[in-house]
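**Student:** Dropping a structure here in structure tokens format, bear with me for questions.
The values are calculated or read from the model by the stated rules, or taken from the named source; none is laboratory data. Since we're looking at a predicted model, the values are computed, not measured. Glycine gets a Cβ as well: all are built from the backbone with ideal geometry, and neighbour counts include every protein chain shown.
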């Protein structure tokens, strides 16, 4: 998503100027945190572990200091994880009120979400980008933060009337809520108190038990394997899979709900926890099919437990040679917060290996490397990792299996990518041919944002010349290329790539929620042509594919650099009975045109209907 013009829910346009994020000193609030408690592994200076015996004021002060640093640090290098040991934090009289900024993870260390109880609020507000932080307030760039594995009793004591009305989680892409138990008040996925309501562009919830939830201004959202007491409002595309209490979708597109009774394939994200003896371990949930509701309703989430001693706990200063040596010895990999320069591939070759990042650990390609290369073996889990392109073009940023060669796989133990995010540009110019390439069969992609940057710090100046320069220098041809069979994606967000954003060549693929924005910056129509066809579809299913299913998809257009540019189709698929698209749409964000939704079907999304989606309920059309 972006910080460029959008349409308010009430139909009025608003403009957003470019804000260049200013890097913050490497010495952040958590850099001088106390050493880890007795018995805890040394996760480095940017992981803080709280104990329920600590005074609420002390915890509050630490979190407030990091939020003050990170609330505007969109393109910075600082990364933080705040982990809560089992117990209670905050009281009705003195609630713990947490505000979450960029690259910050807030997580409980219990075996169950109910083991960590927080009385208070955990929130993200609109970010005000103009006039010294007093105007142009929105959530469209509230990226890269994580909340998981705890119980929250919403308590707004001490807040004003508007803030007391809900727990606000106003976020956009690359933000996940997992394993939450929220009670005591409402949850709002928009901030209507800060010059609101304004658009947001999230998002993702999984394995959570939630109160009545106000979606409000969220353009798209996936809620998976959860329980909700109620759900209100929608903008363009809201998808529910295996959610108890989900709204009915019979009236689609009014409201624009897509509801699956069960999730076809799921595996919850691994989580760090402390067992009854005080030992640290990682729980790795099992893959499940056709499921509904939370995984922890009847006790411990089904799966396996891996002791922390079986992990190599890496720091950004560790070499790839060291990391690969540890992986070859059979160790799993835990990446502590920070930015890792990767000049040769981290190679994951052993079946069942877990790669878990804390605090949005980031792998940055150096000298055209492939930062993460996963062999075609079953059961690998990669979670909580961000992968950035570097200045020299990489062939791919994350590869799963080999393009040519034998890839072993297992339908009951799929390789899984959870909260794995990609950036091509943003903090610096980036270049790659493909961001995510999946060649193995039986792979699960559970929430990813694959982003070619439309704004950032270096080399992202505004205006026609700046955008033309970006098209030539910040290059990413394909976002996600899926060659394996039986690949499932739950929450696939891919944006701004220069050819097809997603190409799906494998058979029996399934996507549950797809969100895409076409690139903003093609200089001319000639730069945005596929042979004789105007432009590249945002979602392309290969011409030879005979079986594919998509539930809930949207392709958006905003040709800011040249509003005269056309794209023939938002979606392009083979015309065969086994390829089915359920609830898809295109929308114009104020520049450019998508002529059809899919394969020549659907009216144009042009500037005569800015912000008004064009829907196709079923394709092939019944």
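**Student:** Are any residues in the stretch 134-165 closer than 20 Å to residue 71 by Cα and not in a strand (DSSP E or B), and if so, which ones?
**Tutor:** Listed by number, the residues that qualify are 134, 139, 140, 141, 142, 143, 144, 159, 163.
**Student:** Exactly one condition in (1) touching a strand residue (DSSP E or B) at 6+ places or on another chain (Cβ under 8 Å); (2) in the same structural domain as residue 488 (by TED's automatic domain parsing); (3) closer than 27 Å to residue 406 by Cβ is not met by residue 356; state its number.
**Tutor:** Among (1) touching a strand residue (DSSP E or B) at 6+ places or on another chain (Cβ under 8 Å); (2) in the same structural domain as residue 488 (by TED's automatic domain parsing); (3) closer than 27 Å to residue 406 by Cβ, residue 356 violates only (3).
**Student:** Further, regarding this structure: Name the single residue that is nearest to residue 553 (Cα to Cα) among those in the stretch 266-286 being over 19 Å from the mean Cα position of the chain (by Cα) and assigned to a loop (DSSP other than H, G, I, E, B).
**Tutor:** Selected residue: 286.
**Student:** Right, something else. Say whether the condition of being outside any strand (DSSP E or B) and either touching a helix residue (DSSP H, G or I) at 6+ places or on another chain (Cβ under 8 Å) or without any contact (Cβ under 8 Å) to a residue 40 or more places away in the chain (or both) is met by at least one residue in the stretch 256-265.
**Tutor:** Checking the stretch 256-265: at least one residue is outside any strand (DSSP E or B) and either touching a helix residue (DSSP H, G or I) at 6+ places or on another chain (Cβ under 8 Å) or without any contact (Cβ under 8 Å) to a residue 40 or more places away in the chain (or both).
**Student:** Output the number of residues of the stretch 409-420 satisfying the condition of being touching a residue at least 40 places away in the same chain (Cβ under 8 Å) and either surrounded by fewer than 24 Cβ atoms within 10 Å (Cβ to Cβ) or in contact with a helix residue (DSSP H, G or I) (Cβ under 7 Å, 6 or more places away or on another chain) (or both).
**Tutor:** Within the stretch 409-420, residues that are touching a residue at least 40 places away in the same chain (Cβ under 8 Å) and either surrounded by fewer than 24 Cβ atoms within 10 Å (Cβ to Cβ) or in contact with a helix residue (DSSP H, G or I) (Cβ under 7 Å, 6 or more places away or on another chain) (or both) number 4.
**Student:** Can you name the number of the only condition in (1) at pLDDT below 95; (2) under 30 Å from residue 242 (Cα atoms) that residue 510 fails?
**Tutor:** (1)
**Student:** A further question follows. Does residue 14 satisfy the condition of being under 27 Å from residue 120 (Cβ atoms) and either crowded, with 22+ Cβ neighbours inside 10 Å or modelled with pLDDT under 95 (or both)?
**Tutor:** no
**Student:** Within the stretch 480-492, does at least one residue satisfy the condition of being under 23 Å from the mean Cα position of the chain (by Cα), surrounded by fewer than 24 Cβ atoms within 10 Å (Cβ to Cβ) and farther than 26 Å from residue 394 by Cα?
**Tutor:** yes
**Student:** Could we say that residue 367 is over 24 Å from the mean Cα position of the chain (by Cα), touching a residue at least 24 places away in the same chain (Cβ under 8 Å) and either assigned to a loop (DSSP other than H, G, I, E, B) or more than 23 Å from residue 457 (Cα to Cα) (or both) here?
**Tutor:** Details: over 24 Å from the mean Cα position of the chain (by Cα): yes; touching a residue at least 24 places away in the same chain (Cβ under 8 Å): yes; either assigned to a loop (DSSP other than H, G, I, E, B) or more than 23 Å from residue 457 (Cα to Cα) (or both): yes.
So residue 367 passes the test.
**Student:** Kindly indicate whether residue 592 is within 24 Å of residue 452 (Cβ to Cβ), touching a residue at least 40 places away in the same chain (Cβ under 8 Å) and buried (at least 24 other Cβ atoms within 10 Å of the Cβ).
**Tutor:** It is true that residue 592 is within 24 Å of residue 452 (Cβ to Cβ), touching a residue at least 40 places away in the same chain (Cβ under 8 Å) and buried (at least 24 other Cβ atoms within 10 Å of the Cβ).
**Student:** Within the stretch 156-166, how many residues are closer than 18 Å to residue 90 by Cβ and either surrounded by fewer than 24 Cβ atoms within 10 Å (Cβ to Cβ) or not assigned by TED's automatic domain parsing to the domain that holds residue 93 (or both)? Write out each step before concluding.
**Tutor:** Initially, the stretch 156-166 is screened for residues closer than 18 Å to residue 90 by Cβ, giving 156-159, 163-164, 166.
Checking the rest, the ones that are also either surrounded by fewer than 24 Cβ atoms within 10 Å (Cβ to Cβ) or not assigned by TED's automatic domain parsing to the domain that holds residue 93 (or both) come to 156-159, 163-164.
Adding up the residues that qualify gives 6.
**Student:** Determine, yes or no, whether residue 298 is assigned by TED's automatic domain parsing to the domain that holds residue 427, surrounded by fewer than 18 Cβ atoms within 10 Å (Cβ to Cβ) and either more than 22 Å from residue 447 (Cα to Cα) or in contact (Cβ under 8 Å) with a residue 40 or more places away in the chain (or both).
**Tutor:** No.
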